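The values are calculated or read from the model by the stated rules, or taken from the named source; none is laboratory data. This one's a predicted model, so the numbers in the text were calculated from it and none came from an experiment. Glycine also receives a Cβ, built like all others from the backbone with ideal geometry; neighbour counts cover every protein chain displayed. Ligands, DNA and RNA are stripped out before the accessible areas are found, and what is left, the full protein with its side chains, is counted by its heavy atoms. Shrake-Rupley method; radii C 1.70, N 1.55, O 1.52, S 1.80 Å.
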Amino acid sequence: MQHRIIVLGAGYTGAIAAGRLAKRLHRDDAAITLVNAEPDFVERVRMHQVAVGQDLKPRPFTEMFADTGVQLRLAKVTAVDVDRKTVAVTDADGADELAYDTLVYALGSGWNAQGVPGTAEHAYEIASRPGALRLRERLARLDAGQTVLIVGGGLTGLEAATEIAEARPDLDVALAARGGLGGWLSPKGRDHLGKVFGKLGITAYEHAAVSAVAADHVATADGRAIPAAVTVWTTGFAVHPIAQATALEVTGTGQIVVDGTMRSVSHPDVYAVGDAAMAMGAGDKPLRMSCASGTPMAWQAADSIAARLTGGKLPTAHLRYFNQCISLGRKEGLIQYVTADDRAVSAVLTGRLAAAYKEVICKGAAWGVANPTLGVPTRRHRVARDRAATGSVARATA
Ligand SMILES: Cc1cc2nc3c(=O)[nH]c(=O)nc-3n(C[C@H](O)[C@H](O)[C@H](O)COP(=O)(O)OP(=O)(O)OC[C@H]3O[C@@H](n4cnc5c(N)ncnc54)[C@H](O)[C@@H]3O)c2cc1C
C-alpha cells in the first residue's frame, strides 16, 4: 500500500516540498501528488519586473517534474476536509475529490487590501501574475508625466517603486509609506535607499496611512489627497480563505499554526509551509511571509514527513534570517544584513554589486525549486510498513 501525500500549491514552497519528498521516499511506498492551478512555475519574487514589461523564463512543471516521481494535478483547490482527509478540486473536467494520508498545504497568499475603500475598484496589485500583467498593460498606456503611486513602504513597495521609476523615467513615481521610508533599515541602509530614490526622482510620502483609493488620487488618514493616475497596492499579503474554512487551528489572519517540523498543531496529518503557515523563528518571533522563510520551511516539512514515515531522525534546524535582499531597479540594490530574528544590523551591501547579488538570489530560488536537495545526492528510503496505511503516521509518531 502506498502512502498518499498530497501537496497543495506549486509555488516556491509546495514545489520544493513535493520534489524533496520524492527524493527521500521510495517510489513503491509513497504516491506524491502536487496540485496547482497553473501549469508553470511562477517566480513571484519577480512580479514587479513583469509589471514593467520584462519577460521571465518559462518554467513548465512538466519539465521540472519529469522523471521525479511527482504526479502533477492541474486543478484549482476549492476546499479541504481534514476530518475526512480529502481535498476538493475542480479542473476542466469538473469537480473531483482527492484522498490523502499526509497533506502539505502550500497555497501561498495574494494581495492584502486591508479593507481600504476603493482598493478593489481602483488599485493594482503585483502579488500575483494576473495582477502584474494587468498593471503592465496599464503602465504601457500611461503618458509621460502621469503619476504612479505605490502604497506600502515594505520590501515589495520599494522594489516596485524603483523598478517602475527606472523602467519609465518619463512617469512621475511616488511611494506612500505608513512610517518613515525604510524605517526598519540600518542608518546606512536608509541613507542608500534615500539616495536611490533621489536619483530615480521618486517622491516619498512618509507617515501617510492611506485610508481610501479613488480613480485619480488616494486619501490619507491625516487628510491629505495624493494624486495618482495609477495606484499600486503593496501593503503585505493575505492568505487564501481555504484553511480558515477547515477545522485546522489557524491564526486570526487564516495562517495554519504549525510546530517546528511544520506540522499542524491541531491535525498531525497536515503540514503547512510558506505564506500559508505560521511558524516561529528565532527569538520566538513569527516568520514573515517570504521565500527567505518559506524555502527552509519546505525543507523542514519534507524532511520531517520523510523521517516520520521511514523511522529516520527528525530535522533539528532552527529557521533564521541572514539578510534582506532588496532590488532597487536592475542596476541598484540593497542587501541589509540582519540578526537571526530579522533585525537590521549596521552592515549593508549596496550598488551594482547588491543588484547582482539579488539577481543571484532570485535565480538561486528558482534553481532550488527544481533542485530541492540543492544537488546533494540522496537515498530514497522505504516507508515503514505500519506507517504506509492511512492514518497510521499520526498514531505512530504523535
Ligand atoms: C513582487 C514580489 C516580490 C517579492 N520579493 C521577495 C524577495 O525578494 N524575497 C523573499 O523572500 N520574498 C519575496 N516575496 C514574497 C514571496 O514571493 C512569497 O513569500 C513566496 O512566493 C511564498 O511562497 P509560497 O510557496 O508560500 O506561495 P506562492 O509562491 O504564492 O505559491 C502558491 C502556489 O499555490 C497556487 N495556488 C494558490 N491557490 C490555489 C488554489 N486554490 N488551487 C490550486 N493552486 C493554488 C498558486 O498558483 C501558486 O503556484 C515577494 C513577493 C512579491 C509579490
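The figures follow:
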read-out	value
Test: residue in segment 156-165 that is modelled with pLDDT of 95 or more, within 27 Å of the chain's Cα centre (by Cα) and open to solvent by 30 Å² or more (accessible area, probe 1.4 Å)	yes
Unmet criterion (only one of (1) assigned to a helix (DSSP H, G or I); (2) touching a strand residue (DSSP E or B) at 6+ places or on another chain (Cβ under 9 Å); (3) buried (at least 16 other Cβ atoms within 10 Å of the Cβ)) for Arg136	(2)
Criterion (of a type in the set (Gly, Ala, Ser), open to solvent by 20 Å² or more (accessible area, probe 1.4 Å) and within 15 Å of the ligand (Cβ to nearest atom)) met by exactly one of Ser290, Ser266	Ser290
Residues of segment 206-230 classified as in contact with a helix residue (DSSP H, G or I) (Cβ under 8 Å, 6 or more places away or on another chain) and either at pLDDT below 95 or assigned to a loop (DSSP other than H, G, I, E, B) (or both), total	2
Selected residue (criterion: farthest from Gly118 (Cα to Cα)) from residues of segment 231-263 that are within 16 Å of the ligand (Cβ to nearest atom), in a loop (DSSP other than H, G, I, E, B) and of a type outside the set (Ser, Thr, Tyr)	Met262
Any hit, segment 117-128, residues being in contact with a helix residue (DSSP H, G or I) (Cβ under 8 Å, 6 or more places away or on another chain), loosely packed, with under 15 Cβ neighbours inside 10 Å and not in a strand (DSSP E or B)	no
Residue that is touching a helix residue (DSSP H, G or I) at 6+ places or on another chain (Cβ under 6 Å), farther than 24 Å from Gln324 by Cα and surrounded by 18 or more Cβ atoms within 10 Å (Cβ to Cβ), where the choices are Ile202, Ile256	Ile256
Per-region count, segment 269-287, residues open to solvent by 10 Å² or more (accessible area, probe 1.4 Å) and either on the phi < 0 side of the Ramachandran plot or within 15 Å of the ligand (Cβ to nearest atom) (or both)	9
When residues of segment 55-97 are limited to those that are among the acidic types (Asp, Glu) and in contact (Cβ under 8 Å) with a residue 40 or more places away in the chain, the one nearest to Arg136 (Cα to Cα)	Asp81
Residues located in segment 65-85, provided they are crowded, with 17+ Cβ neighbours inside 10 Å, within 15 Å of Leu34 (Cα to Cα) and not basic (Lys, Arg)	Phe65, Thr68, Gly69, Val70, Leu72, Ala75, Val77, Val80
Test for Leu155: is it within 25 Å of Ser211 (Cα to Cα), within 15 Å of the ligand (Cβ to nearest atom) and out of contact with any helix residue (DSSP H, G or I) (no Cβ under 7 Å at 6 or more places or on another chain)	yes
Tabulated pairs, segment 339-354, first assigned to a helix (DSSP H, G or I), second among the hydroxyl-bearing types (Ser, Thr, Tyr), C-beta under 9 angstrom, 6+ apart or interchain	Ala354/Ser327
